[in-house]
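The values are calculated or read from the model by the stated rules, or taken from the named source; none is laboratory data. Everything numeric here is computed off the predicted structure, so don't read it as measured data. We place every Cβ from the backbone using ideal geometry, glycine too, and count neighbours over all the protein chains shown.
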Amino acid sequence: MEIRKVGVLGCGLMGSGIAQVAATAGFETVVKEVSDDLIAKGFGGIEKSLAKFAEKGTITSDQQREIRSRLSGTTSFAELADCDIIIEAIIENLEEKRSTYKQLDEICKPETIFASNTSSISITEMMTATSVERQRRFIGMHFFNPVPLMKLVEVVKTILTDDDVYEQAVDFGKKLGKVPVRAGDKTGFIVNRLLVPYMLDAIRALEEGVGSIVDIDNAMKLGCGYPMGPFTLGDFVGLDTTYYIAEIMFNEFREKRFAPPPLLKRMVLAGLYGRKSGRGFYDYKDPKNPTPMNLI
């Protein structure tokens, strides 16, 4: 089966980005959300992003219109029935995802591939909400934010994924202009399996007085060549998101390196989520000149 029509579940930051790259790659793309307002908001973000690409000369104004013409929005699952692949990018809640997949499984054609953009939830746990036949066509496709700019996609295979389906998904990732890496269905996949312990260790180093927020960030930027330090990165990702992923990984592996440090837990309880809340390890009152918070 050739992938021609793409369905995307969710039109938030990740869903809209996935929809944009699919339409840019030439695929007819339909995005499902729970309300017309959320569709309008997501598509507004896509239009701004495409306008920036046009301003930079990455795409022409004609291409900008063509990409937009390949995008449509809906609040009905029925509009996804004839999609060749559906990529889910909804809330990171297992039961919500399982319920969604169960509904889709009942209306989609047998050939449709189901893919989840989850960063941490087991693909196997999600796929068991679908029929035995669908489970052979169930994978993970974990994109990175911002999707139109980040080149990586983790393509995740379960113990039941059909080999041909998996290879088709890898090829689809390439058609989207991404660099696919192959990963097994192990919590955290590749990137978060390595990244989350690093970020948690930085917080422990701060708790233990090894260095300040600024000094630890600068040490990792200038000493290791990272584009941003662990605290700047944590604020960008969202400390609530980091905490949530760490909890899932700790519950899976029961290893200390995945356990959220007390400081992270207290920051999340206090609503210090990072950039999106205005404060995290840094205060973003002046976004261009964030100042470190006094947390210890």
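So, Lys41, is that one basic (Lys, Arg), within 16 Å of Ala89 (Cα to Cα) and out of contact with any Leu (no Cβ under 6 Å at 6 or more places or on another chain) or not? So Lys41 passes the test. Go through the residues of segment 190-207 one by one and say whether even a single one is in a loop (DSSP other than H, G, I, E, B), out of contact with any helix residue (DSSP H, G or I) (no Cβ under 7 Å at 6 or more places or on another chain) and buried (at least 16 other Cβ atoms within 10 Å of the Cβ). Yes, some residue in segment 190-207 is in a loop (DSSP other than H, G, I, E, B), out of contact with any helix residue (DSSP H, G or I) (no Cβ under 7 Å at 6 or more places or on another chain) and buried (at least 16 other Cβ atoms within 10 Å of the Cβ).
Residues being in a loop (DSSP other than H, G, I, E, B) and modelled with pLDDT under 95 are entirely absent from segment 263-283. Filtering segment 175-184 for residues that are within 22 Å of Met249 (Cα to Cα) and either in a loop (DSSP other than H, G, I, E, B) or among the aliphatic types (A, V, I, L, M) (or both) leaves a non-empty set.
Name the residue that is nearest to Val170 (Cα to Cα), counting only residues in segment 70-93 that are aliphatic (A, V, I, L, M) and exposed (fewer than 14 other Cβ atoms within 10 Å of the Cβ). Result: Ile91. So which residues in segment 130-160 are surrounded by 16 or more Cβ atoms within 10 Å (Cβ to Cβ) and under 18 Å from Leu104 (Cα atoms)? Selection gives Thr130, Arg134, Gln135, Arg136, Arg137, Phe138, Ile139, Gly140, Met141. Screening the candidates Glu96, Glu2 for the property of being charged (D, E, K, R), part of a helix (DSSP H, G or I) and either at pLDDT below 95 or more than 17 Å from Phe172 (Cβ to Cβ) (or both) yields one hit, Glu96. Checking the stated criteria, Phe77 turns out to be more than 21 Å from Val155 (Cα to Cα) and in contact with a Leu (Cβ under 9 Å, 6 or more places away or on another chain). Show the residue pairs that are 6+ apart or on different chains and have beta-carbon atoms under 7 Å apart, the first residue being within segment 61-78 and in contact (Cβ under 8 Å) with a residue 60 or more places away in the chain, the second being in a helix (DSSP H, G or I). Listed by first residue and then by second, the contacts come to Gly73/Ile39; Gly73/Phe43. On inspection, Gly15 qualifies as in a helix (DSSP H, G or I), in contact with a strand residue (DSSP E or B) (Cβ under 7 Å, 6 or more places away or on another chain) and under 17 Å from Tyr101 (Cβ atoms). Put simply, of Val153, Val165, Val179, Val170 the only residue that is in contact with a His (Cβ under 8 Å, 6 or more places away or on another chain) and either in the same structural domain as Arg134 (by TED's automatic domain parsing) or at pLDDT below 95 (or both) is Val153. The criterion of being assigned to a helix (DSSP H, G or I) and closer than 20 Å to Gly173 by Cβ holds for Ile67. Note on segment 174-189: residues that are crowded, with 16+ Cβ neighbours inside 10 Å, hydrophobic (A, V, I, L, M, F, W, C) and under 25 Å from Gly229 (Cα atoms) amount to 2. On the given criteria, is Ile90 β-branched (Val, Ile, Thr), part of a loop (DSSP other than H, G, I, E, B) and touching a Phe, Trp or Tyr at 6+ places or on another chain (Cβ under 8 Å)? Answer is no for this residue. Per the listing Gly17, Gly10, Gly26, the residue uniquely of a type in the set (Gly, Ala, Ser) and closer than 23 Å to Thr130 by Cβ is Gly10.
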